[in-house]
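S.K.: Structure below; questions to follow.
The values are calculated or read from the model by the stated rules, or taken from the named source; none is laboratory data. Keep in mind the model is a prediction, meaning the values are calculated, not measured. Because the Cβ atoms are built from the backbone with ideal geometry, glycine has one as well, and the counts that use them run over all protein chains shown. All accessible areas refer to the heavy atoms of the entire protein, side chains included, with ligands and DNA or RNA removed. Shrake-Rupley method; radii C 1.70, N 1.55, O 1.52, S 1.80 Å.
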Amino acid sequence: MSSILLAFLLGVALAAGAAWLVRSRATAARETRAGAIQAVARRYALGDLSRAAPDYGDDDLGQVARAMDQAVHELGRHATSLTRDRARMEAILSSMVEGVLVVDDQGRIQLVNDAARRMLRLERDALDRSYVEVIRHPGIVEQIGQAMNNTPTDGLELSLPRDRSRTLVARVAPVVTEGHGAVLVLHDVTDLKNADQIRRDFVANVSHELRTPLTAIKGYAEALIDDPDDQASRERFLEIIHRQASRMERLVKDLLRLARLDAGQEAAEYAPCDIHALAAGIAADFEPLVREKAQHLHLHVAAEARTVTTDPAKLHDILRNLIENAVNYTPAEGTLTIEVTRDDSDFHIRVADTGPGLPEADLLRVFERFYRVDKSRARPGGTGLGLAIVKHLVHVMGGTVTAANSEQGGAVFTVRLPLR
Ligand code: ADP
């Protein structure tokens with residue numbers, strides 16, 4: 001009996017020992033996996049989601065670890081896509097010519113692009129500061145305040161205190177997220193305004209230039225109607241009407257040419273051209289006037305520049321305009337010199353005279369439409385468009401034209417055109 005009991009007790013003890021051994025091994029394995037999971041969690045906390053996760057096992061610990069792992073990877077993908085979106089947004093904002101500034105519901109600047117920094121002359125540390133402290137333009141500050149109170153705002157046109165020459169339009173809109181923030185967009189409309197002003201001036205100038213001959217034509221035509229028998233005046237009046245009508249015709253012709261050039265409808269057509277023959281022909285056209293004014297006209301074309309490939313028709317119009325001006329603005333007995341030279345890449349045409357020259361301050365403006373040094377100096381037949389056409393023609397041919405004064409005081413126009 002006692003040996004049976006002993007065997008039984010031994011069996012129980014062995015079974016208990018075996019169970020303890022199995023459990024303690026399982027615990028050790030579990031603790032090792034828990035340590036591995038902790039290590040992975042630490043790696044994730046440092047932002048390293050790159051390496052593959054270890055085998056978590058199939059028990060409850062493994063299942064929880066796998067679920068957490070998936071959640072972390074999902075969050076990681078969101079974070080990557082947010083970072084990419086932010087980088088894309090920053091690239092867009094920094095390449096924008098419009099200024100953009102965003103304030104949060106506390107009035108702190110959350111975002112500002114380079115254009116807005118430049119336009120508002122903001123300091124580097126503007127981010128996170130209150131817009132009221134940082135933006136020095138009261139109009140914009142007021143509009144942002146209104147937008148934050150959800151009050152609709154109108155666009156605001158302003159020039160900045162430190163650069164009055166530039167005009168900006170500011171538009172502010174509310175941004176509703178958790179609270180009321182605002183987004184400010186700034187457009188630099190200086191070029192648009194200038195273009196609009198140029199267009200207005202142009203229309204005013206055209207109207208004025210057309211009205212002057214039209215008034216003369218109308219007046220003399222009425223005089224002829226009122227007194228058809230006054231033979232003495234008849235011929236003179238008809239001659240005036242004819243001259244004024246020709247002036248209007250020239251003006252309309254020049255305007256149409258400028259419009260064609262503006263619209264890019266006159267492409268260059270290249271062909272070999274004998275510049276000496278071309279210039280001599282134009283000089284011959286002006287010969288009667290040159291002789292009448294007892295002027296001296298010299299033409300020098302360097303042998304190596306004599307034949308060039310260019311657009312002969314356009315070059316003709318350029319030279320004709322410059323020579324005509326030189327003849328007209330140079331007083332009697334003056335000298336006109338036309339010189340053509342070349343270097344490796346270009347040929348140069350210089351038309352110089354001994355006339356009154358041009359005001360130094362207006363050397364660029366002479367190429368503007370309807371620019372005249374002073375109205376009293378304007379010649380009766382001139383349209384004020386000749387040099388504007390010259391500039392366009394030279395540009396179509398890929399060259400440049402400049403105006404200057406010689407040391408003696410006369411005007412010097414230099415045209416540089418590329419050799420082909
Ligand atoms: P316009 O038909 O009046 O001659 P342009 O465009 O050819 O028009 O010239 C513009 C203005 O530039 C002229 O009105 C004149 O005041 C000035 N100008 C042009 N060429 C000369 C020159 N050679 N000498 C002095 N002034 C000139």
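S.K.: Scan segment 391-415 residue by residue and report those that are open to solvent by less than 40 Å² (accessible area, probe 1.4 Å) and not in a strand (DSSP E or B).
M.R.: L393, V394, M397, G399, S406, G409, G410
S.K.: Identify all residues within segment 310-324 that are farther than 13 Å from L278 by Cβ and either open to solvent by 50 Å² or more (accessible area, probe 1.4 Å) or over 34 Å from the mean Cα position of the chain (by Cα) (or both); write none if there are none.
M.R.: Matches in segment 310-324: E324 only.
S.K.: Among residues belonging to segment 363-390 that are charged (D, E, K, R) and at pLDDT below 90, point out the one that is most open to solvent (accessible area, probe 1.4 Å).
M.R.: My answer is K375.
S.K.: Filter segment 335-354 down to residues that are more than 20 Å from L417 (Cα to Cα) and open to solvent by 10 Å² or more (accessible area, probe 1.4 Å) and give me whichever is nearest to the ligand (Cβ to nearest atom).
M.R.: D353
S.K.: Follow-up question, since we're still on this one. Are there any pairs, at least 6 apart or on different chains, whose C-beta atoms fall under 6 Å, with the first in segment 61-79 and modelled with pLDDT of 85 or more and the second part of a helix (DSSP H, G or I) and not hydrophobic (A, V, I, L, M, F, W, C), and if so, which?
M.R.: As it stands, the answer is V72/Y44, since those pairs meet every condition given.
S.K.: Only residues that are touching a Gly at 6+ places or on another chain (Cβ under 9 Å) and touching a residue at least 24 places away in the same chain (Cβ under 8 Å): list them for segment 38-47, please.
M.R.: Y44
S.K.: If the requirement is being in contact with a Leu (Cβ under 7 Å, 6 or more places away or on another chain), of a type outside the set (D, E) and either modelled with pLDDT of 95 or more or open to solvent by 50 Å² or more (accessible area, probe 1.4 Å) (or both), which of these qualifies: H180, H187, H242?
M.R.: Only one candidate passes the filter, namely H187.
S.K.: While we're here: If the Cβ limit is 9 Å and pairs must be 6+ apart or interchain, which residue in segment 254-270 that is surrounded by 12 or more Cβ atoms within 10 Å (Cβ to Cβ) pairs with which residue that is hydroxyl-bearing (S, T, Y)?
M.R.: D254/T383; L255/T383; A268/T310; Y270/T309; Y270/T310
S.K.: All but one of (1) open to solvent by 50 Å² or more (accessible area, probe 1.4 Å); (2) closer than 30 Å to V176 by Cα; (3) without any contact (Cβ under 8 Å) to a residue 60 or more places away in the chain hold for S50; state the number of the condition that does not hold.
M.R.: (2)
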